[in-house]
Amino acid sequence: MKTPKPAITSCPTCGSPRIRRVCRDLQRTYHNQPYVVPRLEFFECPACGERVYDREAMRKIAAASPAYHKPSRAAAR
């Protein structure tokens with residue numbers, strides 16, 4: 001049984017009640033290397049732009065980001 005995702009009812013930065021869960025591709029760059037996290041769910045505040053990522057979203061970001069990729073031993077030699 002999957003646990004329900006927590007709901008955030010107000011923005012932790014500005015206090016706006018307009019914060020909403022969104023699902024979209026997240027595009028980022030790490031050391032001039034672009035990457036995309038497809039269909040990422042997170043909370044976003046339209047009032048101040050704050051984004052709040054839950055544990056699952058952070059795992060998806062880490063899996064897609066080159067910042068978290070370890071070089072292979074063959075490449076290190």
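The values are calculated or read from the model by the stated rules, or taken from the named source; none is laboratory data. Bear in mind that the values here come from a model prediction, so they are computed numbers and not experimental data. We place every Cβ from the backbone using ideal geometry, glycine too, and count neighbours over all the protein chains shown. Surface accessibility is based on the protein's heavy atoms, side chains included, excluding ligands, DNA and RNA. Shrake-Rupley method; radii C 1.70, N 1.55, O 1.52, S 1.80 Å.
Looking at L26 and the list (1) open to solvent by 40 Å² or more (accessible area, probe 1.4 Å); (2) at pLDDT 95 or above, which single condition is not satisfied? Answer for L26: the failing condition is (1). Taking the conditions exactly as written (open to solvent by less than 40 Å² (accessible area, probe 1.4 Å) and either part of a loop (DSSP other than H, G, I, E, B) or modelled with pLDDT of 95 or more (or both)), does V36 satisfy them or not? It is false that V36 is open to solvent by less than 40 Å² (accessible area, probe 1.4 Å) and either part of a loop (DSSP other than H, G, I, E, B) or modelled with pLDDT of 95 or more (or both).
Note on the stretch 1-23: among residues that are modelled with pLDDT under 95 and surrounded by 12 or more Cβ atoms within 10 Å (Cβ to Cβ), the one that is farthest from E41 (Cα to Cα) is I8. Restricting attention to the stretch 39-52, the residues that are without any contact (Cβ under 8 Å) to a residue 24 or more places away in the chain and more than 12 Å from P12 (Cα to Cα) total 3. The combined condition, being assigned to a loop (DSSP other than H, G, I, E, B) and open to solvent by 50 Å² or more (accessible area, probe 1.4 Å), is fulfilled by P46.
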